[in-house]
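Report on one structure; see the data block that follows.
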Amino acid sequence: MLPTVIGLATAAAASAAGYQSMAPTGQWFGRTFAEGMRGSKQIALTFDDGPNDPHTLKLLEVLAKHNVRATFFMIGRYVQQRPDIARAVAQAGHVVGNHTFTHPLLIFESASQTRQQLADCHQALQDAIGEHSNLFRPPFGGRRPATIRIARELGLQTVMWNVTGHDWNAPPAAVIEKKVARQMRGGDVVLLHDGGHRALGADRAQTVIATDNLIQRYKDQGREFVTLEEMMKAVRSQLSAVS
């Protein structure tokens, strides 16, 4: 009986650990930033897997129309191919972060491979736009303790999300909007995609439409769109005020 119980407990622990390695708001494997203060009116829009032609540029048009600043997590090899788009994002006042060089699932990468992925993406961004944020988002959300430790050693802050539009397979804009709306609760970090990790040219037309509609909807409700850096600063200020 005891071996069976031990086996079940081990399996349960392994399952929980596996979940935590991918769960956006999980904190088992190290502290990450995944959301702002619960109930806050702030929303941080984030876009992964760019730069991507033409949809990153179309998103810039939508964001400019609404006077909203967002945060873009870019893949280094795409930055090397389209530094002009990366520069356009930065010049428009958006925050740019590190999304690795080739978008691997880092829980299966060695420490040296992880370090190289982050360093190569940093260099690609540095070459394209110069100084940029110290924000890092692991591809697929996959991380383990070493991932966060290495990022920290490189001066990077690991950030996740608490709301996603599940838009990586390009569903209709109405579906993206509905998925986002179901998860919103205040102080939200919203994950969307302006590109695709498999290749440049991913169709993100529906994400562009959904972003336009979501901004209008939540602005009408009195919400405030901020960058991740601004949201993180607000959280630090509120925590300092109550400590």
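Listing for the model above:
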| item | result |
| --- | --- |
| Under 5 Å, built H, 5+ apart or other chain: amide partners of residue 135 | 98, 157 |
| Region 114-182: relative contact order in percent, alpha carbon pairs under 8 Å with at least 6 residues between | 28 |
| Nearest-20 debye value, the chain charge dipole, Cβ charges on Lys, Arg, Asp, Glu | 600 |
| For the chain: accessible area per residue (Å², 1.4 Å) | 46 |
| Mean separation of Cα contacts under 8 Å (6+ apart) over length of the chain, as relative contact order % | 30 |
| List 229, 61, 177, ordered by accessible area with a 1.4 Å probe, largest first | 61, 229, 177 |
| ³J(HN,Hα) computed for each position of region 95-105 - Karplus, 6.51 cos²θ - 1.76 cosθ + 1.60, integer Hz, glycine/proline x | 8, 10, x, 8, 10, 6, 7, 10, 6, x, 7 |
| Whole-number percent relative contact order across region 173-243, with pairs defined as alpha carbons under 8 Å at least 6 apart | 30 |
| Those residues of region 181-198 whose amide nitrogen sits under 17 Å from the label point placed on residue 217, 7 Å along Cα→Cβ | 181-193 |
| Cα-centre dipole for region 107-197 with unit charges at Cβ (Lys and Arg positive, Asp and Glu negative), debye to 20 | 500 |
| In Å², nearest 10: area of residue 58 left accessible to a 1.4 Å probe | 90 |
| Sequence-distant residues sharing a close amide H with residue 188 (under 5 Å, placed H) | 36, 44 |
| DSSP H segments from the chain that extend 15 Å or more along their own axis, Cα-based, with Kyte-Doolittle mean of 0.5 or above | 2-22 |
| Surface share of carbon and sulfur [accessible, 1.4 angstrom probe, percent] for region 123-243 | 49 |
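The values are calculated or read from the model by the stated rules, or taken from the named source; none is laboratory data. Predicted model only: the values in this text are computed from it and were never measured. Note that each Cβ is placed from the backbone with ideal geometry, even for glycine, and that neighbours are counted across all protein chains shown. Each accessible area value is taken on the protein alone, full model and side chains, heavy atoms only, with ligands, DNA and RNA left out. Shrake-Rupley method; radii C 1.70, N 1.55, O 1.52, S 1.80 Å.
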